[in-house]
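*Asks:* Dropping the structure in here first, questions after.
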Amino acid sequence: MQLNALPHAVVVVASVFAVALAAILPTCLYLYVEPRGRLGWGANRDLPQTRRAPALVRITAWATFAVGELALIAVVAVPAACAGLLYLQIKLGAGRFFGISVTAAVAAMAVAQSLLAVRLLPLGVHLLMREARLPKRVARLAKQNAAGSAIVLIAGVLVARAAPWLVHPWLRVALSWAALRPVLAYAAVCLLHAGLLGACARAVASPNR
């Protein structure tokens, strides 16, 4: 293996390991809740062992658990990283007004999107249980999360474009990798998940299930 290829291999292996580790909790939660919610998906003349939510609903429920889990991590990790960067700016005497403002703005975006997404953890349970008035609630949350994620995504892109002129070079690199890129990536994931929720709302409302 060439030396210049080693970092890429390490990144790939670390990414696969991180994804597998993050998937443990939503998978365990899904496996616990899904069998207990099958009764709500029963139809006339069916058998207990054939009662299951549609595949779209099951996929959406697992994704909902995963996105909600990431919200709990993001609401702690990103603001903590921003707080550490703010401390370093002040400690090293590199604390500029715009640099501090941009760092605080990224932390605020992370908190805002996490507060939107953390509501998804109980929603995944409600999806599998097919509770009453669920279709309207799912559709409403899908619209709210889509709008919130789009706003965070646009704001993050604007901050990334403005950072070279407003932020100290070393802070720009640290802020980009420790906070801004995770915020943008998570906003994109939440936006995709909101589209999945919108499609799932129609499946939940179907009278044929």
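*Asks:* Return only the number of the condition from (1) in contact (Cβ under 8 Å) with a residue 60 or more places away in the chain; (2) assigned to a helix (DSSP H, G or I); (3) more than 20 Å from the chain's Cα centre (by Cα) that Val78 does not satisfy.
*Replies:* It is condition (3) that Val78 fails.
*Asks:* For the stretch 81-125, which positions are within 20 Å of the chain's Cα centre (by Cα) and not hydrophobic (A, V, I, L, M, F, W, C)?
*Replies:* Within the stretch 81-125, Gln113, Ser114, Arg119, Pro122, Gly124 qualify.
*Asks:* Which residues, taken from the stretch 89-141, are within 16 Å of Ala63 (Cβ to Cβ) and β-branched (Val, Ile, Thr)?
*Replies:* Answer for the stretch 89-141, where residues must be within 16 Å of Ala63 (Cβ to Cβ) and β-branched (Val, Ile, Thr): Val118, Val125, Val138.
*Asks:* Ile73 passes all but one of (1) in a helix (DSSP H, G or I); (2) out of contact with any Pro (no Cβ under 9 Å at 6 or more places or on another chain); (3) farther than 16 Å from Cys190 by Cβ; (4) of a type outside the set (D, E, K, R); which number fails?
*Replies:* Going through (1) in a helix (DSSP H, G or I); (2) out of contact with any Pro (no Cβ under 9 Å at 6 or more places or on another chain); (3) farther than 16 Å from Cys190 by Cβ; (4) of a type outside the set (D, E, K, R) one by one, Ile73 breaks only (3).
*Asks:* If you don't mind, another one. Mind checking which residues of the stretch 34-48 are modelled with pLDDT under 85 and either over 27 Å from the mean Cα position of the chain (by Cα) or within 14 Å of His126 (Cβ to Cβ) (or both)?
*Replies:* Selection gives Leu39, Gly40, Trp41, Gly42, Ala43, Asn44, Arg45, Asp46, Leu47, Pro48.
The values are calculated or read from the model by the stated rules, or taken from the named source; none is laboratory data. Remember, it's a predicted structure, so these values are computed and weren't measured experimentally. Backbone-built Cβ (ideal geometry, glycine too); neighbour counts: all protein chains shown.
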